[in-house]
Amino acid sequence: TWDWVRIDCGSDTSYKDSNGDTWDSDDDYIKTGDNKQVASTSSSDIEQLNTLRVFSEQNKNCYTIPTPTSTRYIMRAMFWYGNYDGHSKPPTFDLEFDGNKWATVVTNTTSFTYYEMIYATKGDSISICLARTQDQEFPFISRLESLPLPDDMYPQMRRDMAWFISYRYNYGADDRILGYPDDQYNRIWEPQIPPGLDSLTANFTSLDETSVNAPPDSAIIKAVEASAMDTINLSFGFDNVSHLDHVEMYFTEPFLETSETRSFNVTVNRSFVNTTIPEYQICTSVWANLQSVGTLDIQLVPTEDSTLAPIISAIEVYTVSQPLVIATTSQNDLDGLEEFIDTFDQLKGWSGDPCLPNDTIWQWLNCSTNQPPRVTSIYLSGFGLQGYLPKFSQMDALEVM
């Protein structure tokens, strides 16, 4: 885990956890924000959720996460309000990455929330931003993580897209959420037993072989099975807009029964994917990419010669809901803005893309809607700046200062 980035947001110091892994403080990744602790009555069993960093000064505040390897990364941001301010008013705000909207973060007073994606970096760092979208509702973050993935994982995911996790279930489990170190790639698997299905546990404790995506053994040895010889029906809800989905389903045969056979047809949104025959102590995966609107429906239908009911151990559903913005603000304009930030202490701390997404532009700028965007206006009133203006002649789209 030497190349992982794990930030305990709001922590005053870096430290090692009980697994011996390092958690960093925010200071090397962001220059703005204030450290806070959750209320004592809201303390969490997850150590990193008991502190947070809140941003009350700027409309957009960005972490710069190093990405030394040219590959895809798993990124995760976690939020636990914990009534840190004593107001019992959890905020809503936007989470962004590299000039793209990631999610609208809706926090609450009863549980933490998290957002996760798989994303191929465009350079030597990824910008993760918290943007204020409601008056007097200040963004915060509790925990931020990044780790590189091997090149052969999720090979059917297009690398020019960011894939947001929508569902990841450990079927058959009802006790605890699985994460690191059970999952060596730090994914979170939530326990799930859908209504009408039977939970079972394999008669082995480890796998001989596993799929290329390496789900944790502890998620695969538990499963759900259809009652009698029924079909397994799984539904996943989405907003009623078109979205591209990537589905990964994981199977194993939990018992070695030489006289019995188990096989079933896998369909996604009524389209046949394949016929699956689970193997004892081996995890196999079935994947599908599809464009859908609204609910995603999966069926596991027993074949005519099967004597055992359909079964499934785990599932992942990733979603792309909008095209990825590849362009950034013009490099000439970025260089000019850097001159201003370097010259005036009052402007220190501004980072991330100044013009993207276009609904959370830095509050002291206006930008064009071109691709790439250009800075057209700079508003410096109220900052109390003194001294000479820096050189900004390369900002040739600038109209107003």
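So the values come out like this:
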{"quantity": "Which listed residue, of Ser292, Ser306, Ser263, is in contact with a His (Cβ under 9 Å, 6 or more places away or on another chain) and either in contact (Cβ under 8 Å) with a residue 40 or more places away in the chain or more than 20 Å from Ala173 (Cα to Cα) (or both)", "calculated": "Ser292"}
{"quantity": "Counted residues, the range 330-383 - those being among the hydroxyl-bearing types (Ser, Thr, Tyr), open to solvent by 20 Å² or more (accessible area, probe 1.4 Å), within 27 Å of Asp135 (Cα to Cα) and over 30 Å from the mean Cα position of the chain (by Cα)", "calculated": "3"}
{"quantity": "Pairs with Cβ under 7 Å, 6+ apart, first in the range 224-244 and of a type in the set (D, E, K, R), second open to solvent by less than 80 Å² (accessible area, probe 1.4 Å)", "calculated": "Glu225/Leu197; Glu225/Asp198; Glu225/Leu200; Glu225/Ala309; Glu225/Ile311; Asp230/Ala309"}
{"quantity": "Filter result for Thr369 (free of Cβ contacts under 8 Å to residues at least 24 places away in the same chain and more than 19 Å from Gln58 (Cβ to Cβ))", "calculated": "yes"}
{"quantity": "Residue count for the range 286-329, restricted to those that are at positive phi and crowded, with 18+ Cβ neighbours inside 10 Å", "calculated": "0"}
{"quantity": "Extreme residue, farthest from Thr360 (Cα to Cα), among residues of the range 96-116 that are crowded, with 19+ Cβ neighbours inside 10 Å and without any contact (Cβ under 8 Å) to a residue 60 or more places away in the chain", "calculated": "Thr107"}
{"quantity": "Residue ranges of strands (runs of 3 or more DSSP E) in the range 54-151 with at least 1 members closer than 21 Å to Asp12 by Cα", "calculated": "60-66, 72-79, 125-132, 143-148"}
{"quantity": "Subset of the range 162-220 that is of a type in the set (Asp, Glu) and over 18 Å from Phe112 (Cα atoms) - its residue that is least open to solvent (accessible area, probe 1.4 Å)", "calculated": "Asp183"}
{"quantity": "Answer residue from the range 33-53, given it is assigned to a strand (DSSP E or B) and free of Cβ contacts under 8 Å to residues at least 60 places away in the same chain and is surrounded by the fewest Cβ atoms within 10 Å (Cβ to Cβ) among those", "calculated": "Asp34"}
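The values are calculated or read from the model by the stated rules, or taken from the named source; none is laboratory data. Treat the numbers as computed from the prediction; the structure is a model and nothing was measured. Counting neighbours? That spans all protein chains shown, and the Cβs are built from the backbone with ideal geometry, glycine included. Calculation scope for accessible area: heavy atoms of the full protein, side chains included, ligands and nucleic acids excluded. Shrake-Rupley method; radii C 1.70, N 1.55, O 1.52, S 1.80 Å.
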